[in-house]
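The values are calculated or read from the model by the stated rules, or taken from the named source; none is laboratory data. Nothing here was measured: the structure is a model prediction, and the numbers come from that model. Here the Cβ positions follow ideal geometry from the backbone for every residue, glycine too, while neighbour counts run over all protein chains shown.
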Amino acid sequence: MSTDKKPGQSTLAAHAGYDPMSHQGSVNPPVYRTSTVLFPTVEMLERGDVKPYEGMRYGRVGTPTSKAFEDAVSALEGGYASVVSSSGLGACCTTLLAFLTAGDHALITDSVYGPTRNFANKILAGFGVEIEFYDPLIGAGIRTLLRPNTKVIYLESPGSWSFEVQDVPAITELAKAAGITVMIDNSWATPIYFKPLSHGVDLSIQAATKYIAGHSDAMLGVTTARDRPTYEKLKTTHYLAGQSAGADELFLGLRGLRTLPLRIDRHGQTGLALADWLAGRPEVQRVLHPGLPGDPGHELWKRDFTGCSGLFGFLLKTYSREAVTAMVEGMSLFKMGWSWGGYESLIVPGFHLPARSKRGWPDGVLIRIHAGQEDVDDLKADLIEAFARLAVAA
C-alpha cells in the first residue's frame with residue numbers, strides 16, 4: 001500500500017506478520033516446534049544470553065511462529081513489539097513482575113480479574129511490593145493515591161465481572177507526569193475496539209485465549225509495549241522467568257487473529273441485542289453493559305471505544321440460590337464455563353464473586369453472559385426457557 005494510506009483494522013488483521021516468501025510461499029507460517037537452535041560461530045552462540053530480545057536464540061525465547069503472531073498483535077495495537085505468554089494470566093503476572101520490585105507501590109483497579117488480584121496479594125506482596133486497590137471509577141482522582149514510590153498503575157476496562165469503564169486518558173496523563181508505568185488488561189475490547197497505547201498506556205495485555213484465538217481451544221497471552229525500552233524490560237523478564245507459548249497455540253492464535261474483526265463484530269452485535277432485550281425483562285433489575293445508553297460507563301465507552309464485545313452481565317431481582325441454579329442448569333445453547341471469547345455462548349452465575357475492597361457488589365445475583373456466534377433469536381429463546389424455570393423454582 002502507498003505510504004500515505006494507513007491500512008484498516010481488517011486489513012491489518014489479515015496481513016500483519018504475513019511473510020509467505022520466508023516460508024516457501026506458504027500462506028501461513030509453519031508451526032516451529034523448536035527447542036535447540038544451532039549457531040555457526042561462538043560469537044553468535046554467546047550473544048543469546050546477552051540480548052535475549054534479539055533474534056532467535058532458543059525455542060522458549062522465540063521462533064518464526066511466535067514472531068509472526070507477535071508482529072501481527074503489535075500492528076493491531078500500534079505498539080513497538082509484543083511478547084507472548086503461556087496464558088492470559090501469565091501475561092498479566094509477568095508484566096507486573098517486570099516493572100515492580102521490593103519497596104514499590106502498585107495501584108491496581110478493584111475490578112481486576114480475580115486471579116490477577118490473587119497474584120498481587122499472595123506473590124507480589126510477599127516479595128515486598130505494596131499493593132493498593134483503587135475504585136475503578138476514580139478517574140483523575142487517582143492523583144490523591146500517588147506516592148513517591150508508586151511505580152505501576154494497573155487498569156482493566158471494562159471489568160470482566162462488574163463492567164465499569166475507567167477514564168484511561170485521565171489516569172495516564174497523571175501517571176506520565178509522575179513517571180509511573182501504566183498497564184491495562186485489554187481482553188474485553190481487544191485492539192479492534194480499544195487502542196490503549198494511543199490513550200497513553202505503556203503496556204497492553206490480552207488473554208489471547210479469548211477473542212484472539214476465538215475457538216476455546218488454545219491457552220495464550222500477549223503483552224504489547226509502546227516503545228523499545230519498555231519492550232526490552234518486559235522481554236528480559238519473560239526470558240528470565242521462563243515464560244513462553246506453545247507452538248500450536250501460537251499457530252491457533254494467529255489463525256484466529258485473521259478473522260478477529262469479523263467475529264468480535266458479531267459477538268458485539270449479539271451481546272448488545274441481548275443486553276437491550278434483558279433490560280426489559282421483569283426478572284432483571286439492571287443490565288451491566290457499557291454499550292447501553294444509561295449505563296454509568298456509557299459516555300466514557302462512547303468517547304474511547306469503537307465497539308463492544310459479547311461479554312456483559314445482568315443483575316436478577318431477589319431470588320434464592322436454588323431458583324437461580326434451576327435457571328442456569330439445563331440450558332440448550334448457553335453453557336457454564338470459566339471463560340469467554342469463544343464461538344459458543346456461556347452463562348455463569350455469580351454466587352462467588354471476586355473480592356473487592358473499594359466498591360461493593362450490588363444486591364441481587366449477578367449473571368455473566370458471553371454472547372457467542374449463534375442466532376440471537378435462538379439465544380433469546382434459550383433465556384426465555386431459563387426464566388420460566390426460574391419462575392417455577394422461585
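Checked against the criteria, Leu257 counts as aliphatic (A, V, I, L, M), within 18 Å of the chain's Cα centre (by Cα) and assigned to a helix (DSSP H, G or I). Please indicate, with yes or no, whether at least one residue in the range 199-211 is surrounded by fewer than 24 Cβ atoms within 10 Å (Cβ to Cβ) and within 21 Å of Pro136 (Cα to Cα). Yes; the residues of the range 199-211 include at least one that is surrounded by fewer than 24 Cβ atoms within 10 Å (Cβ to Cβ) and within 21 Å of Pro136 (Cα to Cα). Return the residues of the range 360-375 that are crowded, with 18+ Cβ neighbours inside 10 Å and among the charged types (D, E, K, R); say none if nothing qualifies. Selection gives Arg368 alone.
One residue alone among Arg228, Arg266, Arg286, Arg281 is surrounded by fewer than 24 Cβ atoms within 10 Å (Cβ to Cβ), in contact with a Leu (Cβ under 7 Å, 6 or more places away or on another chain) and either at pLDDT 95 or above or outside the structural domain of Ala14 (by TED's automatic domain parsing) (or both), and that residue is Arg286. Within the range 1-20, no residue that is in the same structural domain as Thr306 (by TED's automatic domain parsing) and of a type in the set (Lys, Arg) sits with its Cβ atom under 9 Å from a residue that is at pLDDT 80 or above and assigned to a loop (DSSP other than H, G, I, E, B) at 6+ positions apart or across chains.
Matching residues to (1) touching a residue at least 60 places away in the same chain (Cβ under 8 Å); (2) in a strand (DSSP E or B):
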residue	(1), (2)
Trp161	yes, no
Ala170	no, no
Val182	no, yes
Thr209	yes, no
Ser216	yes, no
Asp248	yes, no
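Meeting the requirement of 3 or more residues that are surrounded by 14 or more Cβ atoms within 10 Å (Cβ to Cβ), the helices (runs of 4 or more DSSP H) wholly within the range 18-135 are 64-77, 88-98, 114-119. When Lys317, Lys302, Lys235 are checked against the criterion of being buried (at least 18 other Cβ atoms within 10 Å of the Cβ) and of a type in the set (D, E, K, R), a single residue qualifies: Lys235. Does any residue of the range 338-352 turn out to be farther than 27 Å from Thr259 by Cα, surrounded by fewer than 17 Cβ atoms within 10 Å (Cβ to Cβ) and touching a residue at least 24 places away in the same chain (Cβ under 8 Å)? Yes; the residues of the range 338-352 include at least one that is farther than 27 Å from Thr259 by Cα, surrounded by fewer than 17 Cβ atoms within 10 Å (Cβ to Cβ) and touching a residue at least 24 places away in the same chain (Cβ under 8 Å).
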